[in-house]
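The values are calculated or read from the model by the stated rules, or taken from the named source; none is laboratory data. Here the structure is a predicted model, which means the values were calculated and not measured. Cβ placement follows ideal geometry from the backbone for every residue including glycine, while neighbour counts extend to all protein chains displayed. For accessibility, only protein heavy atoms count, side chains too; no ligands or nucleic acids. Shrake-Rupley method; radii C 1.70, N 1.55, O 1.52, S 1.80 Å.
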Amino acid sequence: MKVVLQRVQQASVTINHQLVSQIGAGLLLLVGFGQDDNSEAVDYLAAKISKSRIFADQNGKTNLSIADVKGEILSVSQFTLYANTKKGNRPSFTEALEPQKAQKLYELFNQQLANTGVNVKTGVFGADMQVELINDGPLTIIYER
């Protein structure tokens with residue numbers, strides 16, 4: 001499982017020129033699943049991300065979590081995180097988990113994040129989405145399990 005986390009001032013997902021989801025300050029998560037991923041990976045990364053202290057406190061130090069700052073999460077599925085680019089010029093996506101299994105893990109991941117009390121919004125699994133964001137910092141972290 002791979003998650004690209006971006007701290008944002010705002011983010012949104014649009015499909016066919018229709019706004020699907022939008023958040024204010026918080027986290028944009030690009031979420032992908034590989035062949036060996038399971039609910040244990042989801043448990044680990046949901047806990048890790050929800051507890052990550054990546055927001056500034058009153059002294060400007062990154063000591064606060066998403067819950068501490070009452071931020072929101074926009075979670076977007078992205079199987080292309082598992083692109084293999086070692087051979088040729090066309091990426092291979094054979095390392096990505098099949099869509100039906102990945103969708104179940106994606107939904108479980110989002111539910112676990114929501115269970116921490118954070119407002120979680122999503123894109124549409126498997127859709128062609130346009131994602132807009134204002135990266136805050138910029139702060140971008142890659143989480144893997």
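Please compute the per residue accessible area over segment 2-144 with all protein chains in place, 1.4 Å probe, rounded to a whole number of Å².
Ligands and nucleic acids excluded, the result is 58 Å² per residue.
Taking 0.36 nm per residue of sequence separation and subtracting the Cα-Cα distance, how much length would be gained by fully extending the chain between Ala56 and Val124, in nm to one decimal?
21.4 nm
How many nm is it between the label spots at Ala47 and Ile141, if each spot is 7 Å from the Cα in line with the beta carbon?
1.6
Apply the Karplus curve 6.51 cos²θ - 1.76 cosθ + 1.60, θ = phi - 60°, to the phi angles in segment 29-45 and return the couplings in whole Hz, x for Gly and Pro.
10, 9, 10, x, 10, x, 3, 9, 6, 8, 5, 5, 5, 4, 4, 4, 6
For the peptides 120-126, 87-93, what is the packing order when you average, over each peptide's residues, the other Cβ atoms within 10 Å and list the highest mean first?
Peptide ranking by packing, descending: 120-126, 87-93.
If packing is taken as the mean number of other Cβ atoms within 10 Å per residue, what is the order of 132-145, 72-85, highest first?
Those peptides, ordered most packed to least, come out 72-85, 132-145.
Summing Lys, Arg as +1 and Asp, Glu as -1, what charge do residues with Cβ under 13 Å from the Cβ of Ser39 carry, Ser39 excluded?
Every neighbour counted, the sum reads -2.
222 nm [θ] for the chain, helices only, -39500 (n - 2.57) per DSSP H run of 4+, per residue, to 500?
The helix contribution divided over the chain gives -6500 deg cm²/dmol.
Could you give the dipole magnitude of the chain about its Cα centre, charging the beta-carbon of Lys and Arg +1 and that of Asp and Glu -1, in debye to the nearest 20?
Dipole magnitude for the chain comes out near 240 debye.
For Ser65, what is the net charge nearby, where nearby means another residue's Cβ is under 10 Å from its Cβ and Lys, Arg count +1, Asp, Glu -1?
+1
Which of Leu19, Ala56, Ala41 sits closest to the plus end of the dipole of segment 8-69, meaning its Cα is farthest towards the positive end, when Lys and Arg get +1 and Asp and Glu get -1 on the C-beta?
Going by the Cα projections, it comes out as Ala56.
If you plug each phi of segment 68-76 into the Karplus form 6.51 cos²θ - 1.76 cosθ + 1.60 with θ = phi - 60°, what whole-Hz ³J(HN,Hα) values come out, in order, with x for Gly and Pro?
Karplus values, whole Hz, x for Gly and Pro: 4, 9, 6, x, 10, 10, 10, 9, 10.
Go through 46-55, 27-36 and give me the packing order, highest mean Cβ count within 10 Å leading.
So the peptides 46-55, 27-36, ranked by packing, come out 27-36, 46-55.
Percent of accessible area on segment 1-134 owned by carbon and sulfur, 1.4 Å probe?
46
From the C-alpha gyration tensor of segment 1-144, pull out the three semi-axes of the equivalent ellipsoid (sqrt of 5λ each), sorted largest to smallest, in whole Å.
Square roots of five times the eigenvalues give 25, 17, 15 Å.
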